[in-house]
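Only the coordinates and a few stated rules stand behind these numbers; no lab work does. Remember, predicted model here, so these are calculated numbers, not experimental data. Note that we place each Cβ from the backbone using ideal geometry, even for glycine, and neighbour counts take in every protein chain shown.
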Amino acid sequence: MEQQLCRVGFAFCGSFCTYSKAMEALERVKARFGDVTCVVSETSAACDTRFGNAHDFMREMERICDRRVIDTMLKAEPIGPKKLFDVLVICPCTGNTLGKLAAGITDSTVTLAAKAHLRNSRPLVIAISTNDGLASSAKSIGTLLDKKHVYFVPFRQDDPGEKPTSLVSDFSLVPDAISAALAQRQLQPLLLGPDAAGS
Ligand SMILES: Cc1cc2nc3c(=O)[nH]c(=O)nc-3n(C[C@H](O)[C@H](O)[C@H](O)COP(=O)(O)O)c2cc1C
């Protein structure tokens, strides 16, 4: 797919097991859209986990994007008044952030970035990763599916046997979901079947 230059915000929440795939998605988004700035939630910025060190991830985000990471609410606030992004993607989006977005709560860097961005009637694209997608987060997803300017990266049950309520977006579809959202379209099919590659 050819380049489609625009300004993308790429926000990370604390679904740490998906970070290596999210970083691959970030590289592809950078290659397609050119101008990308990362935003991290407080959890993402603070937690060193078995999946990697927070500081190393943020350094890698800055290397890929050649821009400083937005890592505080203070730095996120100008996203609205300065119209910093044409589109904002949250990848990965946790159950916690889904719940806040659905309820209109904006007490974190990522949720404030989303609120600031949505006030400009510009698209927000959500790539979910949560073990309770078909349990307590189901109502948040339902609420957001019905919200203007909000789009989803197509998702599936990633492990119906072991994690029957878990839902995960296919992060390889993030660039296409962004292109569709920029055209005010939800990338279809929204609901994916089992992943033959098991990813
Ligand atoms: C190692 C680790 C992995 C986690 N994975 C997930 C996940 O895949 N999905 C999710 O919704 N929450 C996950 N969490 C929990 C979130 O990090 C937690 O709910 C946090 O409050 C999210 O904050 P945020 O949404 O502001 O990033 C994980 C936590 C840890 C420590």
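Phi angles of the stretch 75-92 translate, via the Karplus equation with coefficients 6.51, -1.76, 1.60 and θ = phi - 60°, into HN-Hα couplings of 6, 7, 4, x, 3, x, x, 8, 6, 6, 10, 7, 8, 10, 10, 10, 8, x Hz per residue; Gly and Pro are given as x. Around the amide H of Asp35, modelled in the peptide plane, lie the amide H atoms of Cys6, Val8, all under 5 Å away and 5 or more residues distant in sequence or on another chain. For the chain, the relative contact order comes to 20 percent (Cα pairs under 8 Å, sequence separation of at least 6).
For the chain, the Kirkwood estimate of the hydrodynamic radius, built from every pair of different alpha carbons, is 16.5 Å. Listed cross-link partners Lys100/Lys163; Lys30/Lys115; Lys82/Lys139 are compared with a 27 Å cut-off, the Cα-Cα value being larger for Lys82/Lys139. With θ taken as phi - 60° and the Karplus curve 6.51 cos²θ - 1.76 cosθ + 1.60 applied, the whole-hertz 3J(HN,Hα) list for the stretch 49-58 is 10, 5, 8, x, 9, 4, 5, 5, 4, 5 Hz, x standing for glycine and proline. Residue separation of Arg28 and Lys82 scaled by 0.36 nm, minus their Cα-Cα distance, works out to 16.9 nm of gained length.
Near Val89, the amide H atoms lying under 5 Å from its own belong to Gly9, Phe10, Ala11, Val125; only residues 5 or more places off or on other chains count, and H is placed 1.01 Å from N. Sort the stretch 128-199 into rounded, prolate or oblate with this rule: let a ≥ b ≥ c be the square roots of the eigenvalues of the Cα gyration tensor; rounded if a/c is under 1.5, and if a/c is not under 1.5, prolate when a/b is larger than b/c, oblate otherwise. Judged from the Cα gyration tensor, the stretch 128-199 comes out oblate (a/c at least 1.5, b/c at or above a/b). The H on the amide N of Ile128, modeled in the peptide plane, is under 5 Å from the matching H of Cys93, Val153, Ser169, each at least 5 residues off or on a different chain.
Based on DSSP H segments of at least four residues, each scored -39500 (n - 2.57), the chain has a per-residue ellipticity at 222 nm of -10000 deg cm²/dmol. Each DSSP beta bridge with both residues in the stretch 58-199 is either parallel or antiparallel, and the antiparallel ones are about 40%. If you run the Gaussian network model on the chain, springs between alpha carbon atoms under 10 Å, then out of Asp48, Asp170, Asp71 the most flexible one is Asp48.
Annotation: for a label point projected 7 angstrom from Cα along Cα→Cβ of Cys17, residues of the stretch 143-177 with backbone N closer than 18 Å are 155-172.
Of the residues Ala183, Ala76, Ala114, which exhibits the maximal mean-square fluctuation in a Gaussian network model of the chain defined by a 10 Å Cα contact cut-off? Highest fluctuation among the options: Ala183. The label-point distance for Thr49 and Lys147, in a model that sets each label 7 Å from Cα toward Cβ, rounds to 2.2 nm. Mind running the shape call on the stretch 51-160? Use the C-alpha gyration tensor, a ≥ b ≥ c as the square roots of the eigenvalues: rounded below 1.5 for a/c, prolate if a/b tops b/c, oblate otherwise. Taking the square roots of the gyration eigenvalues as a ≥ b ≥ c, the stretch 51-160 is oblate. The shape of the stretch 1-51 comes out oblate: with a ≥ b ≥ c from the C-alpha gyration tensor, a/c is at least 1.5 while a/b does not beat b/c.
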